[in-house]
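Worksheet for the structure shown next.
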Amino acid sequence: MSPRNTEAAAAMMLLLAGVAAPTPAATQEVFSAASETGDMTTAHIAGPKRNSGWWEFTDVAQNGDTLSKTHLCVGEKSEAVYSAFDQISGSMCTSKRFEKTTKGYSYTTVCGVPGMTPTTTKGTIAGDIATAYVMDEVKDISVNGARSRRTAKLISAACPAGYRDGDESTMGGALKASVLSGR
């Protein structure tokens, strides 16, 4: 090969190398936490923030019936230690993993009571976590998996009288507790 052809070949190789160079894959946004003891009370997953105010969470059965409703007064203090991701599956978990998808988030949790077989839950979150979202999940507690849906929505920018940041209400207001206790 002549020197001129060698230079042209080298220039062509550099040009092709630049065009064909691998591009780095998009960084996948992942949020996770793990606990060897199964106590996730102090493990915090700082996911997307919910707007402050009075939130309503409705658990819906596969047939569409409402199973339960819970209300939570969300504010800066509670969001700093009890995010939407922390709230999913509760505090008795050995691991929780949330991954950003094109439609929202997918998640896997492994939770249960010490001494018993843990339950693995796989789910998706769709919507705007700041104002309203839907969680669909399948728990591995039956042959076909127990399917459930939970809706979450901000119903008022202010919490009702007597409720402060972190206060949670269940059973139609009969039970009241703070998610900030022990955190």
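Quick look at the numbers
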read-out: Residue in the range 149-156 that is farther than 21 Å from THR66 by Cβ and either free of Cβ contacts under 8 Å to residues at least 60 places away in the same chain or surrounded by 14 or more Cβ atoms within 10 Å (Cβ to Cβ) (or both) present; value: no
read-out: Single condition LYS103 does not satisfy, out of (1) under 18 Å from the mean Cα position of the chain (by Cα); (2) over 24 Å from GLU168 (Cα atoms); (3) surrounded by 14 or more Cβ atoms within 10 Å (Cβ to Cβ); value: (3)
read-out: Residue count for the range 106-151, restricted to those that are within 15 Å of the chain's Cα centre (by Cα), farther than 18 Å from TRP55 by Cβ and of a type in the set (Val, Ile, Thr); value: 7
read-out: Unmet criterion (only one of (1) farther than 15 Å from ASN51 by Cα; (2) over 17 Å from the mean Cα position of the chain (by Cα); (3) exposed (fewer than 14 other Cβ atoms within 10 Å of the Cβ)) for TYR163; value: (3)
read-out: Test: residue in the range 123-134 that is more than 21 Å from THR170 (Cβ to Cβ), among the aliphatic types (A, V, I, L, M), in contact with a helix residue (DSSP H, G or I) (Cβ under 7 Å, 6 or more places away or on another chain) and touching a residue at least 40 places away in the same chain (Cβ under 8 Å); value: yes
read-out: Residue in the range 148-156 that is within 21 Å of THR58 (Cα to Cα), touching a Gly at 6+ places or on another chain (Cβ under 8 Å) and among the β-branched types (Val, Ile, Thr) present; value: yes
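Rule-based calculations on the coordinates, nothing more; no lab input. Fair warning: this is a prediction, and the values are worked out from it, not measured in the lab. Methodologically, a virtual Cβ is constructed for each residue, glycine included, from the backbone with ideal geometry; neighbour enumeration extends over all protein chains shown.
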